[in-house]
Structures are given as C-alpha cells and as structure tokens.
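Taking it in order: structure first as structure tokens, then the write-up.
The values are calculated or read from the model by the stated rules, or taken from the named source; none is laboratory data. Remember, it's a predicted structure, so these values are computed and weren't measured experimentally. Please note: Cβ atoms are built from the backbone with ideal geometry, for glycine as well, and neighbour counts cover all protein chains shown. These area figures cover heavy atoms from the full protein model, side chains too; ligands, DNA and RNA do not enter into them. Shrake-Rupley method; radii C 1.70, N 1.55, O 1.52, S 1.80 Å.
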Amino acid sequence: MEELSAGPLVPAVVKPEASRAAAAADTGASAAASGDTFPASTSELDKDFLCPICMQIIKDAFLTACGHSFCYMCIITHLRNKNDCPCCGHYLTNTNLFPNILFDRLLKKTSARQISKTASPVEHFRQALQKGCDVTIKELDTLLSLLAEKKRKMEQEEAERNMQILLDFLHCLRKQKVDELKEVQTDLQFIKEDINSVEKHRMDLYRARDRYSVKLQMLDDSGGRKSWHSSVDKSSSGLISSPLNLRRGGLSSGSHTKKNDGKSQINSHGHGVQRRDAVTGSDSPHINQSGLALVRKKRVHTQFNDLQECYLQKRRHAADKPHSQQEREMSLISREGYSAGLEDFQSVLTTFTRYSRLRVIAELRHGDIFHSANIVSSIEFDRDDDLFATAGVSRRIKVFDFSAVVNEPTDAHCPVVEMSTRSKLSCLSWNKYAKNQIASSDYEGIVTVWDVTTRKSLMEYEEHEKRAWSVDFSRTDPSMLVSGSDDCKVKVWCTNQEASVLNIDMKANICCVKYNPGSGNYIAVGSADHHIHYYDLRNISRPVHVFSGHRKAVSYVKFLSNYELASASTDSTLRLWDVKENLAVRTFKGHANEKNFVGLTVSSEYIACGSETNEVFVYHKEISKPLTWHRFGSPDMDDTEDEAGSYFISAVCWKSDRPTILTANSQGTIKVLVLAA
C-alpha cells in the first residue's frame, strides 16, 4: 500500500527538477554565448554557495585540505566533536583549515549583483549619488519637477481611492438606514392600526358596560317597586323580603362563607403555608383591580424589550402570510377588529402578565425511615390529574391522591399505592388511555409496565444493556411505548409483545425520548452528542431532522404541541424548536444546570424546569427570560445555608394546562406550587 500511495507522488517531484535542469541548461547555454563566467542559474549558484553543514550562504569561508569550503564557525564546531570532513570523511583538524579569501570576494560580488538586480530605480539613483556621480543643476531641477509631478499624481490617486471608499461606505450606510427606516415606518403603521383597533374595542366595552349598568339599575328599580307592593300586601306574614335585601344577605353570607373557606385553607403542616385555589391561583376572592393593573403594568415595563420583540415578530409574521390565508384569519376575527398578529400578541401579553410568583399550597416528604436516599427522579400526573406518582433512588413507586395532599391538613401524607422495584428508578410515564397503567425505567436498563390497581408488573423488558434514562407512552396508541438508554439504543415496545418491535442504534448515550402527542409515528430523542434527533418510526434509517444548538448533553425533550418541542441541556439553557419547519425558535436562560437531571415540564403556554440552585423556574414560551421562580427552603431548620445550597430540583410536572405544578428536589421534598398574580 505504501508503494502504491507513494507512486503517484513521484512525477510531481521529478517534473520540477527536470524543468529546473532544462532551464539551467538553457541558461548555461545563453551564459556561455554571452561570455558570462558565473554559474548557469541562480538556483545552482545558491547551491554552490551553501555551507554543507548549516545549508546557509557561507560566511567567513574556510577551505579544508581536502578542498571543501565551510563557514568558519560551522567547521570549528564540527571539529570539536569529530576529526573528519563532513563531506568526504577525510581526516581533518584545525591545522588543516585555511581562509578562502577568493571565495569570500566572489560571494560579496555576487551578493552585490543580486541586490542591484532587485533594487528599485530610486535605490540605483541613491547609490549612484553616493558613489559621486556627476549631475548638473539643470538635470537635478528636471528630476525634482518629475518627482514633484509624480508625487502630486500619487497623492491624487490616493485621495480618489479614499473618497471612493468613503462613498461606498456612505452608500451602504444609507441603504441600511433606509431599510431600517422602512421597517420602522412599517412597524409604526402596525402600531397605529393596532392603537385604533384597541381604542375602538375599548370604547365598545365601555358602552357595553354602561348599557349593562342601566339595565341593572332598571331591574333594581322594578324589583324594588314589586317588593314594596308585595311587602304592603303581605305585611302580616313577614315571610318575603325584598330582592335587594336577599342580595345583600346573599353577599354577606357569601363573604362569610369565603372567609371561612379561607380560614380552612391554612396549612396545618406546621410551616404556616397558606393554601390557595389550585385552579386559578388567586390569593383571595377579593382582588384590588387597580392594584393588580399596576402590578401587571410593572411586569410589562420590566420585560418591555422582550415583549416589544415578540409583538413586532408576530405582526410582521402575520403581514408576511399569503393573502388568502390572511383573509381567512381576518374573517375569523373581524368582529374584534384585530389583526392576526395583534390577537396573538394580546394572548401572549395576557398570559405573561397574569402571574408573577409561585406560591406553595402543599408540601410533603418523599423519604422514609428505611431509605436514606430521597432523590425524586420523576413525578407525573395520571390521565385525569387525580393521582400523581413519584419515583427515584429509593426503589419505590409511590402514588398519591392529589386532592388529599392539597386539601387534607395532615403532617404526613401516605401514598394510596406503593410498589417496590429491584433497582433505582429514572423515569415514569402514565398511560393516557388506561388509567391504571404506568411504565418505569431503571438503572439496570429494565423497562416495566405496572398495573397500579393490582400493584404488580404486567410486562418487563430487559433488552437494554445499560441504564435506561427515559420511557414514554404513546398518546395515540396506548399499547406502544419507547425507551432510551446508555447503551446508545432507542427501543420501541408493545405491551402485547414480549420483545421490542423496533430498535434504533445511535452513536451516543440516550438521555431522553418522547412521542409526538399528535402522532405515534414520530419521536424526539435527546442525546449526549448535544443534538436532538427527530425520527419517523416508519423509516429509521436516518432521522427526519437533527436539531443542533445545545453545547452539552440534551437531558429532556417535551412537546408543547404537535409542532412545538422544548429541550433542556446541561449547558444551562432551554430551547424551543419548530419540528414542522425544522427551526430553532427561542433560547431560554436564567436557571443553572451543568451536571444533574433537574426536570422539565411544559404546558400550552409555559415551560418550567429545575435548577441546581434548588429553585424552580417558570418561563413563558414567547419570552426568553424567566417569568418567575421559587426557591426551596430547607424543611429542617438545623440545616445550614451551605447544606441547603447543595440540593437541586430533580423533577417537575404541570397539572395539564392549569397553573399548578408539582416539584421535587434531591432531598425528597415535594411541593405543590401554583402561579399567582
């Protein structure tokens, strides 16, 4: 193989030498014809003047008794180690060295000739003047005038070049600014149209409110007259009160009831945590509307730049849509008078400013006296959000009644179902059709399907050779599930078969897998190679698309919708992707995640994740900065702040599309949090 590979290189080496030899022959012939006594070519001349030791032009040439010339320092240094000639090996000592005066002169003449060949006319003229060349004053004046004219011409050309560069820059800048101006003018036109639409809609709301107030007043007046006549006719019975009194009584009774409800929502866990409405997230039934409006305005100003970018992006996108599609959308919202982009942005603004904090409504400890390790690796709601299951390094799956955890004031909540496993658990996934089925993956690579009712395993799959990090049930086919492992394999299982039905071999460890909620044919795979591989299971020879952007391993992937995919990585970022257009949409930063699985959960509008600072972060999908966050406090007052800082959030889960989120940390503390205004 070496001979074959080296073979083609030989002509490339020989040809230049041959060409040089031919050129040398030609040059030698011409030199002979002209009577030149120097060597035939410059290359041969340089070669003859090189010292055989240092391969540089000889300096202070010395001749040996055997007839070879060397640099003085080179041959002296050589003779300190060996007493022979470097060229022929003849015996040689310092006494056999003689100055080569003729060779030195020849070198100096040759060097001067080479310099003269490459010197500029100015240099030749300078050398001529230095050697005393006779020049008359008239000749000098002529030379000076020529030089002055040449200088003016060069300065003119230089100025023209500078002006051209400046002009090109200004033209480019003008074009850029004109484009920016057009964009700003277009944006201003959008804003003007939207202001008019919003003002018109607001006036319609004011007029509607006035009409409702008049109608209510008329109803109150007619009701008052009827009640007055009724009270006169039936004054002896005293059984009927006026509707106004009934309303007042109802209101006071309602207020009293709500106050009692509020009192009953005080947490009795000993931590003084006030319970709140897990559906709306409101702190109190009586909300100061003006104060709430001020708070929401403050949130807008805090994130004004991101909201501005979101608004302009949606308005421009709506304007760039095809005309027919835009007409269809306009027909749907013509009653409001809004454009499609404004309608989308209003939805974003409403959902973004609705909440500003996370409040605790319940808390429990996952650990037990038999297991010191309490890290909760996974926490998931069931199909109806009635139950939630937890799993982790304690080798147990615990199922809790959510309403009991939130509403029953007990110091310790016991699971309604508890199942033991052979190994530490990494992930859980409820079957969204069969309420009693839940799948788990563990550190031994076993994927198990459990029956929560009987507390027994229905199927155990042991094909993975290493730790399985993730498992997920299909949303469209309840019998199908997928898993990913450190053995670099993605396996698709069917609960009706004992072996895997599909196998995808990859080049890096698999950290997470997820079915597309709208189709059982597509899965997203997060890998340690920093990429997300999106596969069509009908053709697994290559992924449909590989999403790149993370700088470290992708630890979680979750679908917000059929086309929106969120991912988490140990590069401390979340990313949102469009799997339909194969585009990166947005990057979210604010939490810290460099080595642990900290959890990821999504709803239609919000994304939540954990942090290695023992905090839960919530992002709105349209804004890259956190909406709010909540720090886990140490439940044990004896723990120091440094020890509390060593914990991290390990699992999170939204309750469908409600503002309620389950969170757990590495200490085994589980909190039910709710978004609040």
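Residue pairs whose Cβ atoms lie under 7 Å apart, separated by 6 or more positions or on different chains, with the first residue in the range 94-113 and more than 18 Å from MET73 (Cβ to Cβ) and the second open to solvent by less than 40 Å² (accessible area, probe 1.4 Å), are THR110/LEU45. None of PHE125, PHE62 is open to solvent by 70 Å² or more (accessible area, probe 1.4 Å), of a type outside the set (Gly, Ala, Ser) and either under 30 Å from LYS150 (Cβ atoms) or modelled with pLDDT of 90 or more (or both) except PHE125.
Anything in the range 571-600 that is within 17 Å of ASN614 (Cβ to Cβ), surrounded by 22 or more Cβ atoms within 10 Å (Cβ to Cβ) and under 13 Å from the mean Cα position of the chain (by Cα)? List them, or say none. Within the range 571-600, HIS591, ASN593 qualify. What pairs come up if the first residue lies in the range 589-607 and is closer than 14 Å to CYS653 by Cα, the second is basic (Lys, Arg) and open to solvent by 50 Å² or more (accessible area, probe 1.4 Å), and their beta carbons are under 6 Å apart, counting only those six or more places apart or on different chains? As it stands, the answer is none, since no pair meets every condition given.
Restrict the check to the range 196-212 and report whether at least one residue is of a type in the set (Asp, Glu), closer than 30 Å to ALA318 by Cβ and surrounded by 10 or more Cβ atoms within 10 Å (Cβ to Cβ). Looking through the range 196-212, at least one residue is of a type in the set (Asp, Glu), closer than 30 Å to ALA318 by Cβ and surrounded by 10 or more Cβ atoms within 10 Å (Cβ to Cβ). Only residues that are part of a strand (DSSP E or B) and either open to solvent by less than 70 Å² (accessible area, probe 1.4 Å) or within 16 Å of VAL513 (Cα to Cα) (or both) were counted in the range 433-461, giving 14.
The rows are residues; the columns are (1) modelled with pLDDT of 80 or more; (2) within 20 Å of ASP194 (Cα to Cα); (3) open to solvent by 80 Å² or more (accessible area, probe 1.4 Å).
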{"position": "VAL300", "(1), (2), (3)": "yes, yes, no"}
{"position": "ASP306", "(1), (2), (3)": "yes, yes, no"}
{"position": "GLU309", "(1), (2), (3)": "yes, yes, yes"}
{"position": "GLN313", "(1), (2), (3)": "yes, yes, yes"}
{"position": "GLY337", "(1), (2), (3)": "no, yes, no"}
{"position": "LEU342", "(1), (2), (3)": "yes, yes, no"}
{"position": "VAL348", "(1), (2), (3)": "yes, yes, no"}
{"position": "ARG354", "(1), (2), (3)": "yes, no, yes"}
{"position": "VAL360", "(1), (2), (3)": "yes, no, no"}
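Among the residues of the range 52-97, those that are within 24 Å of THR110 (Cα to Cα), touching a strand residue (DSSP E or B) at 6+ places or on another chain (Cβ under 8 Å), assigned to a loop (DSSP other than H, G, I, E, B) and of a type outside the set (A, V, I, L, M) comprise PRO52, CYS54, GLN56, LYS59, ASP60.
The lone criterion from (1) touching a residue at least 60 places away in the same chain (Cβ under 8 Å); (2) surrounded by fewer than 18 Cβ atoms within 10 Å (Cβ to Cβ); (3) farther than 23 Å from PRO659 by Cα left unmet by GLY392 is number (2). Of all residues in the range 396-408, those satisfying the criterion of being farther than 16 Å from VAL452 by Cα and in contact (Cβ under 8 Å) with a residue 24 or more places away in the chain are VAL405, VAL406, ASN407.
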